[in-house]
Amino acid sequence: MKKTYEIALEISGSTAMWTRPDTGDCPVSYPAPTYSAVKGIFESVFWGETAEIIPIRTEICSPIIYHSYQTNYGGPLRKSDVMKSGGSFQLLATVLLNVCYKLYAEVVPIGKQRKELINSNSKQWDSRTNSPGHAYQAIFNRRLKQGQCFTIPFLGWKEFAPDYVGSFRDTTFTQEDMNMVIPSMLRQVFPEGFKSKVHFVYDQNVRIENGVLVYPKKGEA
């Protein structure tokens, strides 16, 4: 059994969008970040190929406030005639306002098959440590304390930057009166990690109890 090491952080911001794929052209946000979104936030602080980040739970620390959001989309998913004319697509969405979460995850070493895919620098780093999970935890905590990032973290959509990413604050409390069930929640799009193929995976009947969402373990969904 692989030894695990826990990491945690708090993140907040004025706007967030954890997209529900079933809401189509006018997307609506889940009330809490998806498994893959939490994984991405941790990896934005410190990304390493030799360790696997496994989200455990999210604590919702602010009331859920939905808000209508409009923006002009100019990306490759526009219709061909709109792209030729140089026009944009007006995207309507339902986002969250004034969000705050406490996020928790475990760190475990990657398996032998995954190690075959990592680059030479990562292999050298892995060969110099007997506990890549513990090393990742130590480096992550140091970077979080110093405000260092591998990439800029964001709240679902890249335009929604956080106003705080760091250790838990004494003034932050879980919304213990919040209870609901999410019938189907996107888990991951690339479940096998680095260099894997697209494969949509969902968790069913995900519960938020006393403001806490616990992500199902692999095989429980």
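Computed from the coordinates by the stated procedures, all read-outs in this text should not be read as laboratory data. All of these numbers come straight from a predicted model, not from anything done at the bench. Counting neighbours? That spans all protein chains shown, and the Cβs are built from the backbone with ideal geometry, glycine included.
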**Item:** Free-standing Cys, the chain [no other Cys Cβ under 4.7 Å]
**Value:** Cys26, Cys149
**Item:** Within the stretch 5-173: Cβ-based charge dipole about Cα centre, in debye rounded to nearest 20 (Lys, Arg +1; Asp, Glu -1)
**Value:** 360 debye
**Asked** How far apart, in nm, are the 7 Å Cα→Cβ label points at Cys149 and Asn98?
**Response** 2.3 nm
**Prompt:** Among Thr58, Thr151, which comes first, second and so on when ranked by fewest other beta-carbon atoms within 10 Å?
**Reply:** Thr151, Thr58
**Request:** Going by C-beta contacts inside 10 Å, put Leu97, Leu9 in order with the fewest on the left.
**Result:** Leu97, Leu9
**Request:** Could you sort out which of Lys39/Lys145; Lys158/Lys217; Lys39/Lys79; Lys39/Lys102 sit more than 21 Å apart by Cα distance in this structure?
**Result:** Lys158/Lys217; Lys39/Lys79
**Request:** Using R₀ = 30 Å, calculate the FRET efficiency as 1/(1 + (r/R₀)^6) where r is the Cβ-Cβ separation of Glu159 and Val214; round to 0.05.
**Result:** 0.55
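Nearest 0.05, what FRET efficiency do Ser196 and Asp170 give at R0 = 35 Å with Cβ-Cβ as r?
With a Förster radius of 35 Å, E is 0.30.
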**Message:** Please compute the contact order of the stretch 5-173 in relative form: average sequence separation of alpha-carbon pairs under 8 Å and at least six residues apart, divided by the residue count, as a percent.
**Reply:** 40 percent
**Request:** Convert 25 °C to kelvin, take the viscosity as 0.890 mPa s, use the Kirkwood radius over C-alpha pairs of the chain as Rh, and evaluate the Stokes-Einstein diffusion coefficient in µm²/s, rounded to a whole number.
**Result:** 131 µm²/s
**Item:** Formal net charge of residues neighbouring Val45 (Cβ-Cβ distance under 11 Å; K, R +1; D, E -1)
**Value:** +2
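With each run of n ≥ 4 DSSP H residues scored as -39500 (n - 2.57), what mean residue ellipticity at 222 nm is computed for the chain after dividing by its residue count and rounding to the nearest 500 deg cm²/dmol?
-5500 deg cm²/dmol
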**Request:** For a footprinting-style exposure proxy, rank Ile64, Ile7, Ile152 by other Cβ within 10 Å, fewest first.
**Result:** Ile152, Ile64, Ile7
